[in-house]
Every structure is written in C-alpha cells, then in structure tokens.
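**Student:** Below you'll find the structure I mean.
The values are calculated or read from the model by the stated rules, or taken from the named source; none is laboratory data. In this text the structure is predicted, and so the values were computed from the model without any measurement. Because the Cβ atoms are built from the backbone with ideal geometry, glycine has one as well, and the counts that use them run over all protein chains shown. Heavy atoms of the whole protein, side chains included, go into the accessibility calculation; ligands, DNA and RNA do not. Shrake-Rupley method; radii C 1.70, N 1.55, O 1.52, S 1.80 Å.
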Amino acid sequence: MKLDNVIVERPYKKVYRCEEGIAKVFEPTHPKEDVFNEALNQARVEATGLNIPKVKSVNEIDGKWALVIEYKEGKTLEELMAEHPEKVDEYMEQFVDLQLEIHSKTAPLLGKLKDKLARQINSLKDVVDATTRYELLTRLDSMPKHHKVCHGDYNPSNVIVGEDGSLHIVDWAHATQGNASADAAMTYLLFALKDQKIADKYMNLFCKKSDTAKQYVQQWLPIVAAAQLAKEHVMEKEFLMKWIDIFDYQ
C-alpha cells in the first residue's frame, strides 16, 4: 500500500488517498480496540442500507493500525456551504433530510448511546464536580430510551456530495443506537462552535422536519456537552463548559 498523499492530519491519525481507497493510519498510542470498533461500526451501519463508504480492510502498517475504506469522489457539504453561501438554506435542507434518514434506521448490534454518555460523564472526575456529574447522570437516566442509529459526529464535513448530487455519510467512529434528539444536540454544538446563527438555523429546521419540540433537544445539550469533555481534540473546553449548567434548559 503506497501512502504518500495525505488528505487529513490529526494528532492521532493521518488519512491518505491511495489506490485501495482511503486509509486512516492511527498513531501507535491510539487504542487498537478503537480502530477495530470503528471498522465494526461502519460494517454494521453498512447493513442498514445507508449510503456510506464500505469497509475494505484493517491492516497493521509499520507498527500502526490502519482502516481502509472506499473512496467517495466529491466535495464535502461544508466546502459547498463555504463556496455558495447563497445556497446555505438549500444545503441545510439536504443535510437535515439525510440526518433524518440516518435516524430512520436501526442497527441492534451497535453500542448503546446512553451507556456511552454515562461512561464519558463518569470519567470527568478531574473536570466536573461530583454534584454536577450526579445531576447530569440523573437527567440522562430520565431521558427516553430509543434505538435509532445515531452518527455521533454528524456535521457538514462528514457529508460528501458527488457530482451527480448523491450524498455519502462518512466517519462512523462514534456511531451508536439511541435517541435521535441527543444526536441532534451533538450536531447543534458542532455548528455552534463555529457559527451560532447557523446552529440556530439547523436546530429550527431539525425540530420542524422531525416534529420535535426544541425544548426536548435542548434538554440533551448539557449531557452531550459534558460527554464531549471526555474526548481529546474534539471541542474547546471553555465552549463546552458553558453548556453544562443543567438548569439552563429546565
């Protein structure tokens, strides 16, 4: 496998375009189980019929684990939104419709979202005090249990638009089954990190199209924000901490 065309670089991985497709090569410090779990997630979501790149292989290259998936030609929705700001409303319609299609699917073997969120919140002993963790976990436990496919990192950079207009959803490392409104809360935070106006536009459209009360999605915001603090290199700590006041959306 020839790896010389880097298209994305992160602290824990490099992504290459190669003859075989796309190769995500992870640093030796990245847990082996996380690499295989991402491949397994992707394979399980493939089975739902969603339009996503197929897993081709998991290999070890020079002491590093690599996940190889299909290459999908096109531009990301994020790129198109930046290039054609006059079409943002049109692109947002497509974006939300695609997310609702994801949420219409089930994959019974995916991990449970509520279990993952609870683990992440419990790991924050050095970041969030015990009282706040208790309140967050109590709220999480009270939220309805659903079994919908949730992407976990759904944002316009993870949607590739082909020349024919076809939409492909990539990066399923954080996929789970659970409550669609929690997934929407995560997407809202990803938008809000960059542009609050666009985030509000997304929230209003998601709630309208899914017939979901905005207050219900907002109830997930402190939970999802807290859980993201358990991840590295995902979001700014200061930005997330302001969302963790669980009384803001009572």
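**Student:** Which residue out of Thr132, Thr106 is closer than 25 Å to Leu240 by Cβ and of a type in the set (Ser, Thr, Tyr)?
**Tutor:** Thr132
**Student:** Quick check on my filter: what residues within region 100-149 are under 20 Å from Gln215 (Cβ atoms), of a type outside the set (A, V, I, L, M) and touching a strand residue (DSSP E or B) at 6+ places or on another chain (Cβ under 9 Å)?
**Tutor:** Selection gives His103, Lys114, Lys145, His146, Lys148.
**Student:** Go through region 84-95 and give me each residue that's open to solvent by less than 80 Å² (accessible area, probe 1.4 Å) and either closer than 18 Å to Ala184 by Cα or not in a helix (DSSP H, G or I) (or both).
**Tutor:** Selection gives His84, Tyr91, Met92, Glu93, Gln94, Phe95.
Condition check ((1) over 22 Å from Leu50 (Cβ atoms); (2) surrounded by 13 or more Cβ atoms within 10 Å (Cβ to Cβ); (3) aliphatic (A, V, I, L, M)) across all residues:
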| residue | (1), (2), (3) |
| --- | --- |
| Lys116 | no, yes, no |
| Lys125 | yes, no, no |
| Leu136 | yes, yes, yes |
| Lys148 | no, yes, no |
| Asp153 | no, yes, no |
| Asp164 | no, no, no |
| His168 | no, yes, no |
| Trp172 | no, yes, no |
| Ala175 | no, yes, yes |
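Table: residues versus (1) more than 17 Å from Glu46 (Cβ to Cβ); (2) without any contact (Cβ under 8 Å) to a residue 60 or more places away in the chain; (3) touching a Gly at 6+ places or on another chain (Cβ under 6 Å).
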{"residue": "Ser104", "(1), (2), (3)": "no, yes, no"}
{"residue": "Ala118", "(1), (2), (3)": "yes, yes, no"}
{"residue": "Leu124", "(1), (2), (3)": "yes, no, no"}
{"residue": "Val127", "(1), (2), (3)": "yes, no, no"}
{"residue": "Thr131", "(1), (2), (3)": "yes, yes, no"}
{"residue": "Asp141", "(1), (2), (3)": "yes, yes, no"}
{"residue": "His147", "(1), (2), (3)": "yes, yes, no"}
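**Student:** From the list Lys24, Lys75, pick out the single residue that is closer than 19 Å to Asn158 by Cβ and open to solvent by 50 Å² or more (accessible area, probe 1.4 Å).
**Tutor:** Working: Lys24 fails: open to solvent by 50 Å² or more (accessible area, probe 1.4 Å).
Result: Lys75 is the single residue among Lys24, Lys75 that is closer than 19 Å to Asn158 by Cβ and open to solvent by 50 Å² or more (accessible area, probe 1.4 Å).
**Student:** Moving on. Between a first residue in region 32-53 that is more than 17 Å from Glu101 (Cβ to Cβ) and without any contact (Cβ under 8 Å) to a residue 24 or more places away in the chain and a second residue that is assigned to a loop (DSSP other than H, G, I, E, B) and open to solvent by 70 Å² or more (accessible area, probe 1.4 Å), which pairs have beta carbons less than 9 Å apart while being 6 or more apart in sequence or on different chains?
**Tutor:** From residues that are more than 17 Å from Glu101 (Cβ to Cβ) and without any contact (Cβ under 8 Å) to a residue 24 or more places away in the chain, the pairs are Leu40/Leu109; Ala43/Lys54.
**Student:** Scan region 3-21 for residues that are touching a His at 6+ places or on another chain (Cβ under 7 Å), among the hydroxyl-bearing types (Ser, Thr, Tyr) and open to solvent by less than 70 Å² (accessible area, probe 1.4 Å) and report the count.
**Tutor:** Total satisfying the criteria: 0.
**Student:** Determine which member of the set Leu67, Leu98, Leu40 is of a type in the set (A, V, I, L, M) and open to solvent by 70 Å² or more (accessible area, probe 1.4 Å). Before you say what the answer is, go through the steps one by one.
**Tutor:** Working: Leu67 fails: open to solvent by 70 Å² or more (accessible area, probe 1.4 Å); Leu98 fails: open to solvent by 70 Å² or more (accessible area, probe 1.4 Å).
When all the criteria are applied, what remains is Leu40.
**Student:** Hey, another quick one. What is the residue count in region 177-199 for residues that are acidic (Asp, Glu) and either over 15 Å from Pro144 (Cα atoms) or open to solvent by 10 Å² or more (accessible area, probe 1.4 Å) (or both)?
**Tutor:** Here the count works out to 1.
**Student:** For region 80-98, indicate whether the set of residues that are within 22 Å of Glu38 (Cβ to Cβ) and touching a strand residue (DSSP E or B) at 6+ places or on another chain (Cβ under 8 Å) is non-empty. Before the answer, list the steps.
**Tutor:** Looking only at region 80-98, we keep the residues that are within 22 Å of Glu38 (Cβ to Cβ), and these are 98.
This time we only want the ones that are touching a strand residue (DSSP E or B) at 6+ places or on another chain (Cβ under 8 Å), so: 98.
The answer is yes, given that some residue of region 80-98 is within 22 Å of Glu38 (Cβ to Cβ) and touching a strand residue (DSSP E or B) at 6+ places or on another chain (Cβ under 8 Å).
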